[in-house]
Amino acid sequence: MLTGSDIPAGLSEGVRALFFKSLESAPGNYRKLAMVLPSSQSRETYAWLSSVPGMREFVDERQPFGLREHSFTIENKTWESTIQVERTALEDEQYGQIRLRIQSLAEAAARHKEQLVFELVRDGFEARCYDGQPFFSSAHPSAGGSVSNRGNEELSSSALQSAMSRMARLTDERGQPLGILADTLVVPPELEWKALEIVTSPLDPDGTGNAANVLRGRLEVIVSPYLTDSSDWFLFCTRGALKPLILQERTSVEFRGPDSGAGGDEAFMRDRLLYGVRARYNAGYGLWQLAFGSRVS
């Protein structure tokens with residue numbers, strides 16, 4: 001059994017602080033697309049999606065706008081990741097290597113939320129959202145019939161302009177504009193350079209003359225390796241309180257390692273220490289109105 005002298009004083013506390021500092025500073029774009037909502041039970045049902053009407057004149061009495069018949073349920077899942085550190089690393093005072101592995105563990109924990117959110121984007125042409133249709137669908141039910149947030153054109157300046165205009169024309173159940181202005185373009189690595197050219201070039205990438213590029217500076221580009229179809233591209237409106245996707249958190253990321261007083265049975269039987277993380281959360285679809293996806297047929 002390890003004793004207090006086996007694990008240097010302050011190492012455990014320093015490793016814990018390093019983990020959470022690395023977790024906080026890890027890069028990630030999931031918060032751009034997903035609203036992070038707390039959860040207090042094993043699953044949460046969202047019946048309020050698409051249930052907030054626009055303002056109207058107060059004429060005689062209020063007209064309450066109740067919850068819609070559609071809803072979406074997200075069930076929390078438990079996640080973990082664990083690394084082992086050989087006891088000899090402590091004996092040989094290889095503390096730098098230990099800290100490097102702890103940093104990598106924190107980055108892996110942060111990266112997992114990124115993966116969940118962008119895999120939702122990837123699967124949105126088949127996976128269903130709160131109205132029973134695929135998140136990216138040409139047949140979302142609406143008061144006036146059906147509405148589409150799906151295209152089949154390759155990425156180009158003209159295709160982006162058309163999609164942005166379609167999003168801006170979306171209305172609520174009372175026919176009032178939702179005020180959706182796309183601000184984020186999400187692409188796989190294969191389309192990174194084309195996307196950057198479209199949104200940064202001073203001249204229209206689709207034109208042959210000297211026409212100005214009207215999209216210059218209009219969109220932020222996010223490149224995600226979790227998008228596996230090399231021709232898919234996506235537009236999102238991310239400015240408001242409501243986001244296209246939901247990241248539901250039941251239990252925040254917890255970090256656990258051996259205390260300075262003992263290493264436990266694992267240290268005694270296998271001559272190694274275990275450091276691990278645990279959390280409960282999951283991701284799901286929010287408002288399709290804030291998103292547009294194009295898959296070349």
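Between SER230 and SER71, what FRET efficiency follows from the Cβ-Cβ distance if R0 is 30 Å, with the result rounded to 0.05? Computed FRET efficiency for SER230 and SER71: 0.30. Remark: the GLU107-SER297 segment gains 64.8 nm on full extension, using 0.36 nm per residue and subtracting the alpha carbon distance.
Ligands, DNA and RNA left out, the accessible area of the stretch 188-254 computed with a 1.4 Å probe is 50% carbon and sulfur.
Cross-link partners for LYS77 among the lysines, with Cα-Cα distance under 30 Å and sequence neighbours closer than 8 places in the same chain left out: LYS21, LYS32, LYS113, LYS243.
In plain terms, the chain from SER42 to ALA211 could stretch by 55.3 nm, reckoned as 0.36 nm per residue minus the Cα-Cα distance. Remark: the ARG174-ARG16 segment gains 51.6 nm on full extension, using 0.36 nm per residue and subtracting the alpha carbon distance.
The values are calculated or read from the model by the stated rules, or taken from the named source; none is laboratory data. Quantities reported herein were computed from a predicted structural model and do not represent experimental measurements. All Cβ positions, even for glycine, are placed from backbone atoms using ideal geometry, and neighbour counts span all protein chains on display. When the accessible area is computed, the model is the full protein with side chains, heavy atoms only, and any ligands, DNA or RNA have been set aside. Shrake-Rupley method; radii C 1.70, N 1.55, O 1.52, S 1.80 Å.
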